[in-house]
1. Can you tell me which residues in segment A:83-99 are more than 9 Å from chain C (Cβ to nearest Cβ) and either modelled with pLDDT of 95 or more or on the phi > 0 side of the Ramachandran plot (or both)?
2. Read through the list (1) modelled with pLDDT of 90 or more; (2) not in a helix (DSSP H, G or I), then give the number of the only condition that C:Ala84 fails.
3. Within segment C:232-283, track down each residue that is at pLDDT below 85, of a type outside the set (A, V, I, L, M, F, W, C) and part of a helix (DSSP H, G or I).
4. Would it be correct to say that B:Lys157 is within 14 Å of chain C (Cβ to nearest Cβ) and over 26 Å from B:Ala60 (Cβ atoms)?
5. Do any residues in segment C:236-249 that are more than 9 Å from C:Val298 (Cβ to Cβ) have Cβ atoms under 8 Å from those of residues that are assigned to a loop (DSSP other than H, G, I, E, B), where the two are at least six apart or on different chains, and which pairs are they?
6. Name the pairs: first residue in segment C:156-181 and part of a loop (DSSP other than H, G, I, E, B), second residue basic (Lys, Arg), Cβ to Cβ under 9 Å, at least 6 apart or on different chains?
7. Can you name the condition, by its number, that A:Leu80 falls short on among (1) more than 7 Å from chain C (Cβ to nearest Cβ); (2) modelled with pLDDT of 85 or more; (3) surrounded by 13 or more Cβ atoms within 10 Å (Cβ to Cβ)?
8. Determine whether B:Asp329 is outside any strand (DSSP E or B) and away from every other protein chain (no Cβ under 14 Å).
Amino acid sequence: MLKSINQKISIVLIVVAVGYLLLAFQLPSFPYSPVDADVLPKGLGVLLILLAIGLYFSKDTETEAEKEQRRIPKKDIAALLVVFVFVFLYIFCLEWLGFVLSTAIFIFFCSLYLGYKKHMTNALVAILFPLFMYVTFTELLKISLPQGILPF
Amino acid sequence: MKKIAGIFLFVIFIVLASACSDDTSSSDKDSNKEWKPEKPIEIVAPAGAGGGWDTTARMAAKVFNEAGIIEEDIGVVNKAGGGGAVGWAYIAGQKESAYNLFVSSPPIILVPLNGQSEYGHEDFTPLANMIADYGAFAVREDAKWDNLNDLFEDMKKDPESITVVGTSSPGSMDHIQFVKIAKAAGVDVKKIKYVTDPDGVGLTQLLNGSVEVFSTGVSETVEQVKAGKIKVLGITAEERLEGETLSDFPTAKEQGIDTTFVNWRGFFGPADMDSAAVKYYEEKFKELSDSKEFADVRKKYGWNEMYMNSSDYKQFLDEQKEDIKSLLDELGLGK
Amino acid sequence: MGSIEGVLTGFQVAFSMEGILFVLIGVFVGTFIGMLPGLGPISAIAVMIPITFGMDPTLALVMMAGVYYGAIFGGSTSSILLNAPGVSGTVATAFDGYPMAQQGKAGKALAIAAISSFVGGTVSVILLMLLAPALSSVAIAFGPPAYFALMFMGLTAITSLSEGSTVKALISAVIGFMVATIGIDAQTGTQRFTFGNANLLEGIDFLVIALGLFALAEVCTLIINRKDLSIDNAHKLGSLRITKNELKEMRGPMTRQSFLGFLLGVLPGAGATIASFIGYITEKKISKKPEEFGKGSVKGLAAPETANNAATSGAFVPLLSLGIPGSGTTAVMLGAFLVLGVQPGPLLMTDHPEIFWGIIASMYIGNVFLLVLNLPLIPYISKILKIPRPLLISLVIMFSVIGVYAINFNTFDLYLLLLFGVIGFLMRIFRFPAPPFILAFILGGMMEQAFRQSLTISNGSLAIFIQEPIALSLLIVGFLSFMFPLVRLLRNRKKERV
């Protein structure tokens with residue numbers, strides 16, 4: 001029975017460690033090094049398993065306050081997921097739409113979604129801030145950011 | 001809330017759709033016609049800012065524009081990662097484009113041979129080689145060896161006592177240039193002890209006695225030689241180089257070791273570039289190489305002139321690849 | 001030419017009208033670029049190189065040096081205000097700087113950072129001036145075994161970097177170490193855990209992890225608490241006032257870390273990042289109130305800020321007197337020298353005393369400028385925190401995205417950033433500390449390389465680590481500092497039983 005949260009985490013960690021070890025054992029060998037590339041990863045994998053076992057049997061249980069902290073309201077989890085999707089789309093569109101456009105859209109809608117009510121300020125920041133960054137990077141510093149579909 | 005997210009998605013969708021429909025690139029495939037660029041040209045440096053590739057690309061772009069050799073704007077874009085592999089993959093996706101060039105050097109042969117990139121020089125159109133640099137093998141001033149043959153004799157007798165340090169990992173430039181020369185001198189290349197110092201402190205390790213030999217580029221050694229801290233046993237060039245101190249460095253060749261290693265650097269385009277465009281760039285790079293402005297740049301950075309046109313370049317690269325492949329196979333590192 | 005004469009020439013250069021002007025331009029540009037997301041000293045210097053063409057070499061280099069330490073100076077701002085370190089040298093700054101800013105003391109935090117940076121910068125310049133020629137032998141004293149020992153010593157501090165469960169801290173560290181093994185192994189050229197993906201060949205960039213684990217994880221917390229629209233004591237946000245007591249508290253860390261940071265900066269390969277971490281750790285270890293660290297401790301902020309600026313001056317020792325670049329940043333700096341036709345190295349001091357000493361002397365002025373430029377700006381900059389939460393969240397995300405994008409210009413890294421953001425958030429909820437992760441990530445990779453270099457050189461014999469005095473002593477210190485908490489723990493347990 002997995003009672004405490006630590007025990008659940010330790011199982012996840014052991015799975016991670018085993019996966020890592022499986023990959024480590026497939027590393028090709030190199031003939032000219034006394035300590036080959038696979039030695040450290042193997043050691044780390046084993047160490048993680050040992051520590052995870054330690055965590056499994058560790059006695060320190062969570063205090064009530066800590067448990068409370070971990071409990072996130074469903075609504076907030078939903079908010080996190082939506083922002084996550086926003087960021088994902090932002091990254092996804094960055095090189096297609098270009099830096100200025102995708103950033104402007106992202107800032108505006110992300111702030112709006114999170115409850116920012118002053119739409120004019122929001123729109124202004126969303127347009128001016130990326131423009132400022134873009135001009136600073138590309139014109140002043142000659143570091144090119146994705147231009148995208150805008151003509152400049 | 002849902003509504004807002006929906007609007008957001010909708011806007012993204014609309015813009016994406018318009019972005020895609022806009023993407024009708026017309027490629028002109030008439031090789032008899034003269035070709036001239038009609039929009040800005042992009043040169044990719046497949047590495048971060050400040051390195052050799054980046055500097056070469058930026059300098060070329062600068063002189064092209066400032067000396068009026070090419071009128072269209074030339075922008076340098078950094079696509080770093082994977083020792084170049086990320087940048088190469090990017091260019092490989094720009095097939096036939098005459099506006100996406102990139103700068104490269106021996107890693108485009110070495111990295112694919114080490115199994116770290118699916119694209120090699122064959123997957124691109126060599127346009128022109130511009131400059132060359134050479135490798136140098138340095139030891140401490142008080143070391144007992146005075147020439148490469150002494151060193152290699154000792155390496156044959158007692159390979160365990162000599163460690164070579166370089167900045168790049170086994171199978172890449174610093175390692176291969178040493179192995180290539182050592183092999184020609186008859187050293188068993190499988191017994192060479194090589195360590196990598198990726199933080200660029202190989203010279204420190206030489207000076208403090210942790211290692212015996214430093215395999216590096218010629219220009220990195222000059223100052224220390226002048227200061228009397230190290231001596232250069234041999235360089236990998238065909239002939240002695242020109243310049244103060246540089247001309248004192250003996251080549252491996254004059255010590256009876258009949259081989260060389262060139263750290264060339266030149267420009268490439270994507271596969272299947274229009275032959276009129278290739279011709280255009282070939283000429284422009286020649287003009288660049290002959291210009292006074294670029295000569296100044298070369299001098300500033302200590303680069304040697306080494307121009308090759310597209311077909312010579314391609315042949316040169318094919319030969320280099322053969323050479324290095326056999327070396328890697330012997331080491332058991334070939335993939 | 002005697003060195004007194006040389007020093008005087010240097011001051012003449014630095015205190016001339018042009019000298020002062022170029023230092024000013026340099027530090028101004030440096031701070032500005034340093035504050036921008038993702039742009040640290042490397043990019044700052046790289047973008048300035050073309051501008052120096054045709055300039056007088058001495059003045060150009062005085063300016064470039066200003067750009068360099070100015071960028072380090074400016075980098076701490078985003079660490080403190082947004083928990084989003086822009087460069088690796090300022091990660092440790094976030095440990096206490098960010099909590100302090102969240103308590104409504106942003107102005108104070110920035111002021112402490114500015115003052116510590118100033119002190120670290122100035123003291124180390126004095127050291128640089130007095131010791132540069134003599135220290136060049138120290139710069140090369142560390143061979144691979146000694147580097148291994150140094151990294152080992154740093155790693156033993158992992159448990160002290162966290163509160164709560166030691167097991168969890170160690171697990172964090174092991175995972176950080178595992179992430180460091182991704183990429184091409186430098187000693188063998190073997191690809192480790194890259195899944196054939198070219199984007200992973202060079203490993204995962206430090207910034208991806210720092211911004212993910214710190215900035216994005218913090219964004220998640222902010223999203224959950226987005227309803228509390230303001231932070232405490234918002235009206236005092238921009239206040240710079242530092243009390244006498246606080247100044248007294250800063251004095252110890254500032255003095256010690258100026259020296260320690262400088263020494264670590266002198267070692268090629270160690271640099272500002274390691275100096276700031278070791279600075280933080282040592283201050284925590286010797287502090288009477290280690291429990292305050294991580295919650296907005298004055299000492300915890302002053303230590304890494306002093307150390308990273310001191311290390312920056314330290315890095316000039318191998319660069320100027322040996323021509324050896326000890327880090328990516330100084331390598332680009334070396335490039336800047338070469339472009340101007342100046343070759344740093346053992347001969348620089350005798351051939352071009354005006355350059356050698358000019359740069360060093362200009363650093364005094366540069367540090368004063370930085371302080372004078374930055375202090376008046378603090379009240380305005382700290383107002384960033386007054387931006388309403390929803391907008392601030394979007395801006396921090398954007399900041400992190402440009403920061404990571406500017407490393408490789410590649411969206412792959414951005415997806416990784418998002419992944420590490422999620423990992424960072426999960427670590428927070430389940431109370432796994434992030435600092436050990438990042439420390440093991442930075443030190444682990446270097447430690448492994450140094451270990452294997454040593455063994456290749458010694459043909460596999462471990463004796464190499466005890467034959468070298470520096471390595472041996474560092475290993476002993478590391479071992480003791482690891483054992484000390486354990487012993488204390490055991491003794492406490494015994495007491496409890498009794």
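1. A:Val85, A:Leu89, A:Gly98
2. Going through (1) modelled with pLDDT of 90 or more; (2) not in a helix (DSSP H, G or I) one by one, C:Ala84 breaks only (1).
3. Selection gives C:His235, C:Lys236, C:Gly271.
4. No, not satisfied.
5. Note: pairs meeting the criteria are C:Leu237/C:Ile231.
6. Listed by first residue and then by second, the contacts come to C:Ser162/C:Lys168; C:Gly164/C:Arg431; C:Ser165/C:Arg431; C:Thr181/C:Arg192.
7. Exception for A:Leu80: condition (1).
8. Considered against the rule, which asks whether it is outside any strand (DSSP E or B) and away from every other protein chain (no Cβ under 14 Å), B:Asp329 comes out as no.
The values are calculated or read from the model by the stated rules, or taken from the named source; none is laboratory data. Computed from a prediction, not measured in an experiment: that's the story for all the values here. Positions of Cβ are generated from backbone atoms using ideal geometry, with glycine treated the same way; all protein chains shown enter the neighbour counts.
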